[in-house]
Every structure is written in C-alpha cells, then in structure tokens.
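K.L.:
Quick one: this structure, given as structure tokens, is what I'll be asking you about.
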Amino acid sequence: MASQKYNFPLTNTIQTIRNIGIIAHIDAGKTTTTERMLFYSGVTKNIGNVDDGDTVMDYLPAERERGITITSAAITFEWNGNKINLIDTPGHADFTFEVIRSIRVLDGAVTILDGVAGVEAQTEKVWNQAAEMAIPRIIFVNKMDRPGAGFSRTVKEVVSKLNTKVALINIPLFETDGTVNSEERFCGVVDVVDKKVIKWQENSDGNDVTVIDITEYPSDTVKEECEKARTALIENLCEFDEGLVETFLELGDYMEVPKADIKRALRQSTISQEITPVLCGASFRNIGVQPLLDAVVELLPTPIERPHPNAIIELSKSKKRTKIGGHKAKAIIRKEITLTPESNKMLTCALAFKVVNDPIRGMLTYVRVYSGILRSGSMFHNTATGTNERAVKLLQMKADESVEVDQIAAGNIGVIVGAKDVRTGDTLVCHSIKKDGIKQLTDNDINLHLRPISVPPPVFFASIEPCTVSDRKGMDEALNILLKEDPSLHLSVDENSGQTLLSGMGELHLDIAADRLINSLKAKVEMGKIMITYKETIQATTATIENSYKMTESVVDGEAPPSGRVKLLIEPLYPDIPETYAGAHLLDNENNYLTIDSTIAHQRHLIISNEDIHHAFITGIIPALASGGKIANLPLRDLHFRVLEWEIPEDVTSTLAISTATRLAAREALDTLAKPGDINGATKAYALLEPVMSVKITINEEDLGTVVQDVSGTRRGNIASLDEEYGTTGVGLNGKEEINYKDLAERTYVPLDMTMYMSKHNVRNNNSRQHVVRASVPLKEMVGYLKSLRSMTQGRGTFAMEFEKWERVSVDRLPGIIAEL
C-alpha cells in the first residue's frame with residue numbers, strides 16, 4: 001500500500017466536513033464519476049477509467065477485471081476548502097450489505113442515475129435504504145451524452161418511483177456545430193440558480209470550461225427555459241421557506257431573487273428532506289462533475305447538522321432473588337441515550353463499519369468517530385467483545401493508498417491499523433485526551449453500544465475445501481480474515497460429511513469470495529458447486545428428556561463425583577414466545593430461543609453466576625442446532641428450548657457438566673421425534689424450509705400476462721400486487737404529508753429539450769404503460785430468471801429481489817430438493 005501526501009490540512013473543523021456516499025444501480029457511472037471528482041480535486045493526476053482497469057476506487061483485482069464495484073472504497077479529498085470523506089458503494093444486488101453498512105455512517109448521499117435507463121431496480125432499493133436512515137440526497141442524471149438519454153423523462157421517474165419532490169438546479173444544454181442538418185450534442189448545463197451557461201470543451205479533460213451569463217447567451221430558447229426552470233425552482237422552495245416567499249414578494253421577479261436566498265432555502269429543504277436537488281452531466285465525457293461537487297458542499301449537511309446517533313448503555317445490577325436459582329444474579333438494565341460531542345467531552349466513541357485485511361499492514365478497521373478525538377497510539381475498549389486494544393496507527397484513505405494522521409476527530413471517517421479483535425458493527429470507546437485513559441472511563445462508557453449494523457441472512461452456499469491436508473491451516477486463517485471483512489458471509493461445517501460450507505448473499509457474492517481467498521489471501525482451496533441454502537424445523541413438541549453428566553469418573557475424598565443435571569424439552573417456536581417469556585434468550589441468527597422455567601427455585605448459593613449457567617445452556621444447545629435436522633441433516637431454526645429443571649453442586653466452579661448434559665439432552669430430545677435415517681418419520685415430524693424472495697418485476701403492459709403466468713405457474717410464486725408503475729401514493733420524504741406521486745410527476749416542471757424528443761422515439765414506447773408485479777417466489781425458482789425475463793419481454797423487463805422469509809416445502813417437492821443436496 002503506497003502512501004500519499006495530501007495538499008490540504010487534516011485539521012478541518014467539523015463545519016467543513018461532508019461524509020457522503022455514492023449510490024446507484026450497476027453501470028450507472030458511480031466509479032466513473034468518482035474518478036473525475038478525484039481528478040478535479042487534485043488527488044490524482046490522471047483520470048482513471050473503468051474500461052481501462054486503472055481506477056483508484058475499484059482497486060481490487062476482481063473489481064478491475066469485472067468493471068464493477070464490490071467493496072465500499074473510501075477516500076478523503078478537498079473541494080473549495082471543505083473536506084469530503086467519500087465512499088463509493090457497489091451497485092450489484094449481491095453486495096447490498098456493503099451498501100447498508102456504508103449508509104450507516106453517511107451524512108449525505110449522491111444518487112447517480114443513468115440518463116438512458118432512468119430509475120432502475122437497484123436504485124430504488126438503495127434509495128429506500130437511505131430513506132429509512134433519513135439520509136439527505138442529491139441526484140445526478142449521468143450519461144446525458146448517450147443516444148436516448150432522457151433528462152425530462154428521468155426527472156419524472158424520480159418523482160413517481162422514488163417518491164420525492166425535486167428541485168432542478170441545472171438543466172442540460174445542447175448545441176449543434178452550426179452546419180446544415182447537424183445533430184444537437186450535449187455540451188454543458190444551464191445553472192438555474194446562478195443564471196449561467198456552463199460549456200465544456202469537447203474531448204478535453206474537463207478543465208476547459210466556458211461560463212457565460214444567461215443574458216449574453218445567443219439562444220432565446222435557452223433563456224426562456226432558464227426562466228421557466230428558475231420560476232419552478234423558487235415556487236417549489238417557497239412551499240417550505242417563508243423567507244424566500246417574502247423576498248420574492250418584495251422583488252416581484254423570479255429572475256431577480258438573489259442566488260444566496262435560493263441556496264439558503266435549497267440547503268435547508270435538502271437537509272430536512274423536503275426536496276431533492278437534481279443535476280445532470282456526462283461523467284465519461286468530463287461534463288458536469290464540478291457543479292456536482294459544488295452541490296455536495298453547498299447542499300449536503302455537515303456532521304453537526306445531522307441528528308445525533310442513539311446509543312444504548314447496558315449495565316448489570318445485582319438482585320437479591322432470581323427466577324433461576326436462589327443465589328444473587330445480575331439483571332441487565334438498558335438505558336437509551338443520544339450521543340453528542342458535548343455529552344462527555346472526555347469520551348471518544350466510534351463505530352467500526354468495515355474491516356479489511358491488508359497484506360502489509362494487517363487488519364485495517366474503518367471507523368466513523370461520533371464524539372471526542374481518536375488519537376494515534378491510544379488504548380480503546382471494544383464494548384461488544386469487552387477487549388482492549390491499541391490504535392497503533394491512524395490513516396486516512398485514498399482507496400488502496402493512505403496518509404498517516406495523528407488523530408481522527410468527531411465527524412470524521414478514518415482507519416485504525418493493527419486492531420485484531422474488531423468486527424463490523426462494534427462500538428469502540430477511549431479517553432479523548434489520555435492515550436492510556438481506559439481506566440478513567442465510567443461504567444456507562446464501557447457499556448455503551450451504538451446501533452449495530454444488521455446482517456441479512458445468506459441464501460446461497462458452496463463447499464470449500466483445502467487442496468491438500470497441509471493446506472487446511474492456511475485455508476482456516478484466510479477464512480477467518482474473510483469473515484471479519486464481510487460479516488454477510490457465514491461459515492459452517494457439515495457434521496456428517498465434514499465439509500466446510502461458505503454461505504453468502506448470491507452467486508456472484510460467493511464467486512468473488514472464492515476469488516479473494518485464492519488470489520488475494522493465497523489460500524489453496526477448491527470451491528464446490530454454488531447451491532441454495534435450506535433449513536429444517538420441527539412440527540411437534542419433543543418428549544421431555546432428563547440427562548445427568550459426571551464431570552469426572554474418579555472419587556474425590558470418598559465422595560461421589562460432582563455432576564450436572566438438566567431436564568428440557570423442545571417445541572416449535574410460536575410467534576408469541578419472545579414476548580410471552582420475558583427472559584427468553586435468542587440463541588443465534590436462526591430465530592431459536594431458550595427459556596428457563598421461572599418456577600425453578602433452588603435455595604443453595606452457587607459459586608457460578610447465572611450468566612455463566614445461561615452461557616453453558618447455550619453452548620450445549622448450539623451443536624444440536626448445527627445439523628440436527630432429520631430430513632437432510634440441515635441446520636435447525638424456529639425452535640424453542642425450554643429448560644424445566646437443572647442442578648449442579650454448590651462448590652463447582654466449572655460449567656462443563658451442565659453444558660455437556662444440555663448437549664446430550666437436546667440431541668436425545670430431537671431423536672424422540674425421528675431416529676437418524678428414518679426418512680418417513682422425519683418428514684412427519686420435521687419440515688424442510690426454503691428461502692422465499694420478495695420480487696419486484698417492472699414490465700410493459702403487453703408483457704403482463706406472460707410474466708404473471710410464468711411467476712404464478714412455472715415458478716410457484718404468490719402474486720402480491722399488480723400496479724401501474726406511476727400510480728404510487730405515499731408519504732413525503734419528511735413523513736408529514738400524503739402525496740399522489742403520479743399526479744405530482746405530471747405537474748413537475750421539466751425542460752422541453754432534445755432529450756424529451758429522444759426519449760419518445762428512441763428508447764421505449766412511452767404509450768405502453770408499465771406495470772409492477774410484486775410477488776413472493778422460492779429462490780430456487782429465481783435462479784437464472786434474468787435471462788428468462790429478457791426473453792419474455794424482448795429485453796425490456798427488469799427485476800429486483802431480496803430475502804423475505806423461510807417457508808415450508810411441500811411434501812411432493814421434498815424428493816427433488818433432497819436429491820440436489
């Protein structure tokens with residue numbers, strides 16, 4: 001990893017910081033736009049291009065080879081005296097987790113749209129994820145130089161599909177070369193706020209720019225369009241800004257309203273998410289990127305203009321009595337707080353949102369600091385693991401290059417070098433001034449947890465094995481690194497075959513993981529066929545099983561060896577169990593719960609704490625879940641383990657006996673429903689579960705019947721709704737009003753330029769109404785669906801899907817699925 005010297009100070013105040021992300025559908029031009037940002041800000045001397053494989057942000061070999069973004073690369077650069085921390089995120093659905101964990105630490109986002117394709121499926125998905133986290137956004141309509149690019153059509157799609165009001169702050173400029181019958185070409189933008197025409201020299205690097213006052217531009221049509229656009233912009237902003245209303249009433253002319261008043265109202269409305277600014281350009285042709293950078297610093301919020309993050313403090317408090325046993329136990333007290341830089345000036349709090357293994361420096365932990373100052377060399381406490389580590393070095397990144405810094409202040413994004421025990425989503429705290437001040441942190445400080453990053457369930461898996469026995473150690477080490485980097489990957493071992501199974505979000509996700517293992521981490525492994533993940537569950541309650549386990553066979557001082565005893569049963573998890581049982585423990589990510597009967601009342605005082613006993617129950621149960629299914633030895637989910645009785649000697653200091661007794665009892669209980677190898681008994685007492693996806697398909701009206709029949713018939717899907725694409729009604733971005741976005745899209749101003757003409761004649765038949773089919777479909781039936789959809793719709797149909805639920809497989813389908821496993 002090379003080092004880079006930046007030409008700006010790293011002591012920027014929080015008021016000059018912008019933490020932004022680039023989000024979009026695959027191939028909309030995210031990386032291309034980002035490379036131009038780096039070039040114009042002076043970070044790079046040459047413009048990197050995806051097609052040439054020399055981009056800065058897509059620095060992994062697999063990214064450069066495939067021309068797509070896989071990981072969320074981060075970089076820091078300056079624009080007009082402001083410090084921008086930028087994250088370029090993936091656009092492929094298989095890497096949605098990368099997008100989620102990046103959005104978690106952003107203060108604003110740039111949504112890039114393909115001016116030809118308009119608003120696409122993945123764009124909607126990521127847009128909604130950002131909306132759920134209340135991230136202010138601006139939109140950049142890219143590829144305006146392409147044949148068929150439709151700025152006006154795309155703007156209307158933004159309103160109707162993304163459910164937002166828009167503010168056009170620049171509009172496209174087209175010119176001819178002056179010869180007879182010459183076609184118009186996209187050459188610049190009209191700045192509606194500043195009343196300027198901005199033109200870029202053709203085939204230049206984008207630095208050769210001509211700025212003309214609108215009054216001096218020779219085309220009356222362009223002047224009239226600028227006035228219409230400015231009128232619409234001010235009228236839209238006046239809905240939310242009384243000050244702008246008063247200014248306009250005083251002047252009485254939309255063209256005379258000062259740009260400072262417009263920018264103030266626009267910034268406030270953007271941050272409050274009342275409105276979404278829209279710009280346009282052609283990044284590959286180096287047109288329109290500088291105004292986009294201006295909009296980032298002028299319109300998107302600083303860290304202090306965003307709501308402060310919520311955190312939870314979890315404290316243990318001793319109680320005299322407990323439901324389990326008669327000795328003193330510790331109850332968990334949860335207190336929710338709002339974390340502000342002023343709440344505790346001595347406390348530094350940061351969220352680890354990404355972990356990466358670097359071949360030279362080791363583990364790199366990307367963090368967002370929310371309060372205090374993280375200093376190089378400081379000891380920090382991981383509130384998730386309870387461990388202490390030292391921040392050996394701190395970096396700020398330029399993708400795979402870096403600059404070492406002394407500190408990372410509140411509001412900033414940076415990297416910790418050398419942290420070995422940090423995972424994605426962990427909360428890190430330390431003293432803001434003293435590098436070894438962990439002991440001075442309060443109980444509240446060391447038990448503080450920022451909202452964790454949720455990990456979606458993996459739905460595909462593949463076996464992964466070392467090439468030789470001697471390669472296993474290297475494989476295990478590489479897999480450990482890979483799982484730290486990407487928590488959406490999951491590792492398990494098939495107890496019957498002994499195979500190691502790697503699970504992920506999609507086929508491409510696992511393909512890239514294997515590529516990283518082999519080519520980056522140098523593991524000598526072989527990967528099996530990628531398959532769909534299935535689970536099992538039980539359909540009846542097991543018999544009650546009691547099991548005792550002796551800790552040692554020897555007699556100590558003439559007394560019988562100490563033992564642990566447990567009595568339990570297992571039942572299907574009913575929906576109300578987590579609420580009914582206040583002390584229910586969630587065992588894993590498979591929705592399995594443990595409850596301990598509250599009627600148990602031992603009068604003895606034990607050396608071992610209740611927390612340790614609970615942990616012993618859990619460690620005993622987990623092995624039974626890993627491959628406890630009797631149909632195909634698959635992992636079990638949706639179970640409720642009920643411990644009815646337990647007992648251990650008073651003077652025992654180890655939980656081994658109770659843990660082992662629990663493990664044996666759990667397996668014996670599952671065997672009471674069906675013995676191993678009894679497939680007939682297994683299919684009666686157990687059920688196979690398959691992943692079902694929530695699918696959204698966008699098609700033209702003439703293809704509706706064919707697609708619906710295919711989904712509901714051939715693919716066994718359940719149709720949830722059939723809607724016209726533009727018939728949406730919803731709550732505005734601010735959550736304050738009900739809006740019919742179809743009507744709003746029709747009323748929204750758009751310029752009457754060449755793109756409108758092109759969109760009607762060269763792209764798609766706008767007279768054919770589009771429909772959205774929403775359905776629940778088994779994942780098995782969706783493998784390879786894109787090819788089928790394109791065939792049915794002559795290439796016009798699009799779809800997106802995400803995990804919805806686990807659903808029981810009908811008995812008639814069992815033999816076919818089992819044969820594939």
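The values are calculated or read from the model by the stated rules, or taken from the named source; none is laboratory data. None of these values were measured; they are calculated from a predicted model. Glycine also receives a Cβ, built like all others from the backbone with ideal geometry; neighbour counts cover every protein chain displayed.
To keep it simple, each residue is scored yes or no on (1) buried (at least 20 other Cβ atoms within 10 Å of the Cβ); (2) under 26 Å from L821 (Cα atoms).
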| position | (1), (2) |
| --- | --- |
| I607 | no, no |
| F617 | yes, no |
| I622 | no, yes |
| A666 | yes, yes |
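K.L.:
Return the only residue of S283, S269, S204 being farther than 22 Å from C187 by Cα, small (G, A, S) and in contact (Cβ under 8 Å) with a residue 24 or more places away in the chain.
P.N.:
Selected residue: S269, the only one of S283, S269, S204 that is farther than 22 Å from C187 by Cα, small (G, A, S) and in contact (Cβ under 8 Å) with a residue 24 or more places away in the chain.
K.L.:
Can you pull out the residues in the stretch 97-135 that are surrounded by fewer than 24 Cβ atoms within 10 Å (Cβ to Cβ), modelled with pLDDT under 90, assigned to a helix (DSSP H, G or I) and over 12 Å from the mean Cα position of the chain (by Cα)?
P.N.:
Residues satisfying the conditions are A121, Q122, E124.
K.L.:
From the list N142, N128, N170, which residue is touching a Gly at 6+ places or on another chain (Cβ under 8 Å) and closer than 26 Å to E239 by Cα?
P.N.:
Numbers: N142 fails: closer than 26 Å to E239 by Cα; N128 fails: touching a Gly at 6+ places or on another chain (Cβ under 8 Å).
Selected residue: N170, the only one of N142, N128, N170 that is touching a Gly at 6+ places or on another chain (Cβ under 8 Å) and closer than 26 Å to E239 by Cα.
Each row is one residue, and each column tells you yes or no for (1) within 14 Å of V222 (Cβ to Cβ); (2) assigned by TED's automatic domain parsing to the domain that holds W127; (3) among the aromatic types (F, W, Y); (4) at pLDDT 95 or above.
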{"residue": "N163", "(1), (2), (3), (4)": "no, yes, no, no"}
{"residue": "A167", "(1), (2), (3), (4)": "no, yes, no, yes"}
{"residue": "T179", "(1), (2), (3), (4)": "no, no, no, no"}
{"residue": "V193", "(1), (2), (3), (4)": "no, yes, no, yes"}
{"residue": "E202", "(1), (2), (3), (4)": "no, yes, no, no"}
{"residue": "G206", "(1), (2), (3), (4)": "no, yes, no, no"}
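K.L.:
Scan the stretch 160-173 for residues that are in contact with a Ser or Thr (Cβ under 8 Å, 6 or more places away or on another chain) and within 21 Å of K228 (Cα to Cα) and jot them down.
P.N.:
Within the stretch 160-173, T164, K165, V166, A167, P172 meet the criteria.
K.L.:
Go through the stretch 668-680 and give me each residue that's crowded, with 17+ Cβ neighbours inside 10 Å and modelled with pLDDT of 90 or more.
P.N.:
Matches in the stretch 668-680: A669, L670, L673.
K.L.:
Scan the stretch 261-304 residue by residue and report those that are of a type in the set (S, T, Y) and either buried (at least 19 other Cβ atoms within 10 Å of the Cβ) or not assigned by TED's automatic domain parsing to the domain that holds N163 (or both).
P.N.:
Passing the criteria: S269, T270, T276, S283, T302.
K.L.:
Going by the conditions given, is L517 among the hydrophobic types (A, V, I, L, M, F, W, C), modelled with pLDDT of 90 or more and either under 27 Å from the mean Cα position of the chain (by Cα) or assigned to a strand (DSSP E or B) (or both)?
P.N.:
So L517 passes the test.
K.L.:
Only one residue in K550, K522, K535 is of a type outside the set (A, V, I, L, M, F, W, C), touching a helix residue (DSSP H, G or I) at 6+ places or on another chain (Cβ under 9 Å) and modelled with pLDDT of 90 or more, so which one is that? First the steps, then the outcome.
P.N.:
On the way: K550 fails: modelled with pLDDT of 90 or more; K535 fails: touching a helix residue (DSSP H, G or I) at 6+ places or on another chain (Cβ under 9 Å).
Unique residue meeting the criteria: K522.
K.L.:
Something else now. For E256, are the conditions met, namely being touching a residue at least 24 places away in the same chain (Cβ under 8 Å), charged (D, E, K, R) and more than 30 Å from D443 (Cα to Cα)? First the steps, then the outcome.
P.N.:
Values: touching a residue at least 24 places away in the same chain (Cβ under 8 Å): no; charged (D, E, K, R): yes; more than 30 Å from D443 (Cα to Cα): yes.
Against the criterion (touching a residue at least 24 places away in the same chain (Cβ under 8 Å), charged (D, E, K, R) and more than 30 Å from D443 (Cα to Cα)), E256 does not qualify.
K.L.:
Of all strands (runs of 3 or more DSSP E) completely enclosed by the stretch 377-477, which ones contain at least 2 residues that are acidic (D, E) and either crowded, with 22+ Cβ neighbours inside 10 Å or in the same structural domain as N357 (by TED's automatic domain parsing) (or both)?
P.N.:
Passing ranges, in order: 401-405.
K.L.:
Also, quick follow-up: Can you tell me how many residues within the stretch 175-201 are touching a residue at least 40 places away in the same chain (Cβ under 8 Å), of a type outside the set (K, R) and surrounded by fewer than 17 Cβ atoms within 10 Å (Cβ to Cβ)?
P.N.:
Here is the first cut: in the stretch 175-201, the ones touching a residue at least 40 places away in the same chain (Cβ under 8 Å) are 184-189, 191-195, 198, 200.
Subsequent filtering for residues that are of a type outside the set (K, R) retains 184, 186-189, 191-194, 198, 200.
In the following step, the residues that additionally are surrounded by fewer than 17 Cβ atoms within 10 Å (Cβ to Cβ) were identified as 184.
Counting residues in the stretch 175-201 that are touching a residue at least 40 places away in the same chain (Cβ under 8 Å), of a type outside the set (K, R) and surrounded by fewer than 17 Cβ atoms within 10 Å (Cβ to Cβ) gives 1.
K.L.:
Residues in the stretch 431-463 that are touching a Gly at 6+ places or on another chain (Cβ under 7 Å) and not hydroxyl-bearing (S, T, Y): how many?
P.N.:
7
K.L.:
Counting only residues that are modelled with pLDDT under 80 and within 18 Å of Y370 (Cβ to Cβ), how many does the stretch 11-32 have?
P.N.:
Summing the residues that are modelled with pLDDT under 80 and within 18 Å of Y370 (Cβ to Cβ) in the stretch 11-32 gives 1.
K.L.:
Mind counting the residues in the stretch 788-821 that are assigned to a helix (DSSP H, G or I), of a type outside the set (K, R) and over 19 Å from G506 (Cβ atoms)?
P.N.:
Qualifying residue count for the region: 10.
K.L.:
Kindly provide the set of residues from the stretch 632-658 that are within 36 Å of the chain's Cα centre (by Cα) and either free of Cβ contacts under 8 Å to residues at least 12 places away in the same chain or more than 19 Å from A543 (Cα to Cα) (or both), ordered by number.
P.N.:
A632, N633, L634, P635
K.L.:
State all residues of the stretch 358-376 that are of a type outside the set (V, I, T) and buried (at least 18 other Cβ atoms within 10 Å of the Cβ); if no residue qualifies, say none. Break it down into steps so the answer makes sense when it comes.
P.N.:
At the first step, the residues of the stretch 358-376 found to be of a type outside the set (V, I, T) are 358-359, 361-364, 366, 368, 370-372, 374-376.
Result: M363, L364, Y366, R368, Y370, S371, G372, L374, R375, S376.
K.L.:
While we're here: Note down all Cβ pairs under 7 Å where the first residue falls in the stretch 680-704 and is farther than 12 Å from V773 by Cβ, the second is of a type in the set (S, T, N, Q) and surrounded by fewer than 20 Cβ atoms within 10 Å (Cβ to Cβ), and they're at least six residues apart or on different chains.
P.N.:
As it stands, the answer is A685/Q539; Y686/Q539; A687/Q539; V692/S776; E702/S768, since those pairs meet every condition given.
K.L.:
Under 6 Å between Cβ atoms, which residue pairs at least 6 apart in sequence (or on different chains) link something in the stretch 226-253 that is at positive phi with a partner that is in a helix (DSSP H, G or I) and among the aliphatic types (A, V, I, L, M)?
P.N.:
none
K.L.:
Further question: Sort out which residues of the stretch 489-513 are outside any loop (DSSP other than H, G, I, E, B) and within 24 Å of L786 (Cβ to Cβ), and write them in order of number.
P.N.:
Across the stretch 489-513, the qualifying residues are L502, S503, G504, E507, L508, H509, L510, D511, I512, A513.
K.L.:
Looking at A669, is it within 20 Å of E590 (Cβ to Cβ) and over 32 Å from the mean Cα position of the chain (by Cα)?
P.N.:
Yes.
K.L.:
Pairs please, first residue from the stretch 543-555 and loosely packed, with under 15 Cβ neighbours inside 10 Å, second anywhere and part of a loop (DSSP other than H, G, I, E, B) and at pLDDT 60 or above, Cβ atoms under 7 Å, 6+ apart in sequence or on different chains.
P.N.:
If the second residue must be part of a loop (DSSP other than H, G, I, E, B) and at pLDDT 60 or above, the pairs left are A543/T672.
K.L.:
Which condition breaks for P218 when tested against (1) assigned to a loop (DSSP other than H, G, I, E, B); (2) closer than 23 Å to V257 by Cβ?
P.N.:
Among (1) assigned to a loop (DSSP other than H, G, I, E, B); (2) closer than 23 Å to V257 by Cβ, P218 violates only (2).
K.L.:
Could you tell me whether V773 is buried (at least 18 other Cβ atoms within 10 Å of the Cβ) and either modelled with pLDDT of 85 or more or of a type in the set (D, E, K, R) (or both)?
P.N.:
So V773 passes the test.
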